[in-house]
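Take a look at the structure below.
Coordinate-derived values only; no laboratory data. Everything quoted here is computed from the prediction, not taken from an experiment. As a convention, Cβ positions derive from the backbone with ideal geometry for all residues, glycine included, and neighbour counts pool all protein chains shown.
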Amino acid sequence: MQATRCRADATPRRVRVRGMLVLIAFAATACARSASPGATASLTASTSAPIIAGVYGSVSAGPTCPVERAGQSCPPRPVIAEIDARDPSGATVATTHTDAQGGFNLALPPGGYSLVAVITMGVFPTCRPTYVTVSPGQQTKADIACDTGIR
């Protein structure tokens, strides 16, 4: 039986694995930071994916306090709703749902639409349609404001 010798410069496997995990964590952190909302990114000419046209935004309801006082924060609250995009004839051409923060994103072909927030639970808030024109290759921002009925 021959004894196995370790070289002085050999790195134990466990240390190498830990080192790789640290590198992976560092790379993931760097990628997450570059993808933050405040970060900017540029597209190169080699990007082959087309820009999808559509609309994005948020749905919020206010007022949220019966009486607003100076120094008291009373921001609108996000609304959970179904968002219908309707063409000029009133036909629904696309539907999506808001997320927990009231945000939505909907791919649409270029054209004019009314965005209708459909509240499925309760009577309030009431939301008026928001009109938007989607241009080719553009994402158009359209926020929907709803009324809570608080006075």
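Does ALA145 satisfy the criteria of being free of Cβ contacts under 8 Å to residues at least 60 places away in the same chain, outside any loop (DSSP other than H, G, I, E, B) and surrounded by 15 or more Cβ atoms within 10 Å (Cβ to Cβ)? Don't jump to the end; show me each part of the working.
On the way: free of Cβ contacts under 8 Å to residues at least 60 places away in the same chain: no; outside any loop (DSSP other than H, G, I, E, B): yes; surrounded by 15 or more Cβ atoms within 10 Å (Cβ to Cβ): yes.
Judged against the criteria, ALA145 is not a match.
Being surrounded by fewer than 15 Cβ atoms within 10 Å (Cβ to Cβ) and either in a strand (DSSP E or B) or touching a helix residue (DSSP H, G or I) at 6+ places or on another chain (Cβ under 9 Å) (or both) is the filter here, so list the residues in the range 112-138 that pass it.
Step one: of the range 112-138, the residues surrounded by fewer than 15 Cβ atoms within 10 Å (Cβ to Cβ) are 112, 118, 120-124, 126, 128-129, 131, 133, 135-138.
Result: GLY112, VAL118, THR126, TYR131, THR133.
On the basis of being farther than 16 Å from GLY54 by Cα and of a type in the set (D, E, K, R), does ARG77 make the cut? Before the answer, list the steps.
Values: farther than 16 Å from GLY54 by Cα: yes; of a type in the set (D, E, K, R): yes.
When the stated conditions are applied, ARG77 passes them.
If you go through the range 70-111 and pick out every residue that is on the phi > 0 side of the Ramachandran plot, surrounded by 11 or more Cβ atoms within 10 Å (Cβ to Cβ), in a loop (DSSP other than H, G, I, E, B) and without any contact (Cβ under 8 Å) to a residue 40 or more places away in the chain, you end up with 0.
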